[in-house]
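Asker: Dropping the structure in here first, questions after.
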Amino acid sequence: MRITEVEIHEFDYEVARTGTVGGNWVYDPDSTLEPPGFVLTIRTADGTEGHYRGFAFTPPMIAQVTMVAEEHLLGRDPLERRGIWQDCWRALRHTDHFGLGAIDVALWDLAGHHYGESVSGLLGGYRDSLPTYASTMFVDDSGGLDGPEAVADYAEDCLARGYDGFKFHGHPDVRPDVDIAICEALADRVGSEMALMIDSSSLYRTYADALRVGRALDDLDFFWYEDPMHDGGVSEQATKKLAAALDTPMLGLEHVRTGPYGTVDSLASESTDLVRASAHMDGGITGALKTAEAAEAFGTDVELLLGGPAHMHLMSALRNASFFEHGLLNPESTWILNQGFEGEPESLDDDGRMAVPDGAGLGVEVDWAFVERRRTGHTLLD
């Protein structure tokens, strides 16, 4: 079996009542975003296909897929995922490797269709539903998540819907006092019934602010403190110093694109307690699995960044992952990663858990009518 075609379908999708502040998504009743997305299809001579539906970082992903397609995909056996992964990792060594994620997920989907098995089954997965937390958009000033009471009200709503945890993203204008007040309101209202997290998304400009928020979390028994430092977590020395000063586990490396290799360095230096990984951005299912197993060997956990079918299947096979991330959410505007798929594969079941699709491959179908209706571009490499 050989890869004969690599096809890229570009489209946009709609996120209503949502705007940006400093590039961060917030509720805005008068705005609608139309970000770019794409579907990557890898096809063999016998017609077997694998797909990846992309929703973020579309331009660099597409550019990197086209960079490596001719030399490292066309003519290759698609079942040799590990070899293709390593060749593409090296070929993209001067980039952030975003494109490798799309390629690798599509290859796993193709393999599942070839064998008539789900990706979870290929991975040896043992969970068919996943504990899930609600992950919000950034705090806003427009009536969505506009302060401690509004965020706590929404957390109570999420608790009633069955979520096991709740995470909010800090104020994009960098307001540590507001973030602390929200943490206190959450702990008071739902802290005894849900795991609580804050994603500071590398907002805090000073070590003093990051430390002050972290000490507040220690008093409130938060489950994790995510990426507080303004350098994006690149400085191992800075994050190590902060992690050592706090009791709340530090979740890091979302913004660091060094794959499993850099993750091992960060774990060895004790600069983070928990690690982020993403099939979308860290080399696909293969890359994220490498990261998860490295974290397991160091005796710690991995948390997968954002949702999507690839993460449902991957998490089903991981013992050291606590939650599936469902987001980004807002009581007034919701960005769920279902656009471009038929049905709603990313939906909570009656117990507030995320069901793992059980069909062949990723177990989801691309909504080609949606793609065609909102198409913005098309590339066929053969």
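Values in this text are rule-based calculations from the coordinates and carry no lab data. Given the structure is predicted, the values throughout are model-derived calculations rather than measurements. Note: ideal-geometry Cβ built from the backbone for every residue, glycine included; neighbour counts use all protein chains shown.
Asker: Give, in nm to one decimal, the length gained when the segment between Tyr261 and Glu70 is fully stretched (0.36 nm per residue of separation minus the Cα-Cα distance).
Answerer: 66.1 nm
Asker: Taking amide H positions as placed 1.01 Å from N in the peptide plane, with prolines and chain starts having none, which residues 5 or more places from His378, or on another chain, fall under 5 Å of its amide H?
Answerer: It is Glu10, by chain and number.
Asker: Work through the residues other than Ser271 whose Cβ is under 11 Å from its Cβ and net out their charges, Lys, Arg +1 and Asp, Glu -1.
Answerer: On the way: positive: Lys240, Lys241; negative: Glu236, Asp265, Glu270, Asp273.
Cβ neighbours under 11 Å give a net charge of -2.
Asker: Give the relative contact order (percent, whole number) for the range 30-154; include only Cα pairs under 8 Å separated by 6+ residues.
Answerer: Normalised by residue count, the contact order of the range 30-154 is 24 percent.
Asker: So, in nm, how far is label Glu184 from label Asp77 when the simple model puts each one 7 Å beyond its Cα toward the Cβ?
Answerer: 6.3
Asker: Continuing with this model, one more query. In nanometres, what is the gap between the two model label sites at Thr32 and Tyr207, each 7 Å from Cα along Cα-to-Cβ?
Answerer: 4.8
Asker: With springs only between Cα atoms under 10 Å apart, run a GNM on the chain and tell me which of Val105, Val21, Val364 wobbles the most.
Answerer: For the chain, modelled as a Gaussian network with Cα springs under 10 Å, the answer is Val21.
Asker: Take every Cα-Cα pair in the chain and report what % of them are more than 26 Å apart.
Answerer: When all Cα pairs of the chain are counted, 51 percent exceed 26 Å.
Asker: On a C-alpha basis, how far is the centre of the range 223-259 from the centre of the range 281-353 in Å? Whole number, if you could?
Answerer: The range 223-259 and the range 281-353 have Cα centres separated by 20 Å.
Asker: Please give the contour-minus-distance gain from Ala16 to Asp46: 0.36 nm per residue of separation, less the Cα-Cα distance, rounded to one decimal in nm.
Answerer: 6.7 nm
Asker: Using Cα-Cα distances under 8 Å and only pairs 6 or more residues apart, what relative contact order does the chain have, in percent?
Answerer: Values: 858 pairs, mean separation 82.1, N = 382.
So the answer I get is 21 percent.
Asker: For the range 102-107, in order, what is each residue's ³J(HN,Hα) by Karplus, 6.51 cos²θ - 1.76 cosθ + 1.60 with θ = phi - 60°, in whole Hz (x at glycine and Pro)?
Answerer: With coefficients 6.51, -1.76 and 1.60, one gets 4, 4, 5, 4, 4, 5 Hz.
Asker: So, one more: For Val190, Val139, what's the fewest-to-most ordering of other Cβ within 10 Å of each Cβ?
Answerer: In increasing order of surrounding Cβ atoms, one gets Val190, Val139.
Asker: For Tyr261, Tyr13, Tyr27, what ranking results if the residue with the fewest other Cβ atoms within 10 Å of its Cβ goes first?
Answerer: Lowest to highest Cβ neighbour count: Tyr261, Tyr13, Tyr27.
Asker: Nothing charged except the Cβ atoms of Lys and Arg (+1) and of Asp and Glu (-1): what's the magnitude of the dipole of the range 194-253 about its Cα centre? Round to the nearest 20 debye.
Answerer: Here the range 194-253 has a charge dipole of around 220 debye.
Asker: Once R0 is set to 22 Å, what does the formula 1/(1 + (r/R0)^6) return for the Cβ-Cβ distance between Tyr115 and Thr95, expressed as a FRET efficiency to the nearest 0.05?
Answerer: 0.10
Asker: Measure nothing but the geometry: give the 0 to 90° angle between the long axis through the Cα atoms of 284-297 and the longest principal axis through the Cα atoms of the chain, rounded to 10°.
Answerer: That works out to roughly 50 degrees.
Asker: In whole percent, what relative contact order does the range 102-167 give with Cα contacts below 8 Å and a gap of six or more residues?
Answerer: On the way: 37 pairs, mean separation 19.1, N = 66.
Answer for the range 102-167 is 29 percent.
Asker: Expected output is a single nm value to one decimal: the length gained when fully extending between Thr376 and Ala160, i.e. 0.36 nm times separation in residues minus the C-alpha distance. What is it?
Answerer: Working it through step by step, the gained length comes to 73.8 nm.
Asker: Arrange Lys167, Lys241, Lys290 by Cβ neighbour counts within 10 Å, fewest through most, would you?
Answerer: Ranking Lys167, Lys241, Lys290 by Cβ neighbours within 10 Å, fewest first, gives Lys241, Lys290, Lys167.
Asker: Okay, moving on. What is the spin-label model distance, in nm, from Ala297 to Asp247 if the labels are put 7 Å beyond Cα along the C-beta direction?
Answerer: 3.3
Asker: Now for a different question. Cut-off 10 angstrom, C-alpha nodes, Gaussian network model of the chain. Which of Ala16, Ala355, Ala102 fluctuates the most?
Answerer: Comparing Ala16, Ala355, Ala102 in a Gaussian network model of the chain, the most mobile one is Ala16.
Asker: Let me ask you something else. Out of all DSSP beta bridges in the chain, what portion is antiparallel? Express it as a percent rounded to 5.
Answerer: Here the share of antiparallel DSSP bridges comes out near 55 percent.
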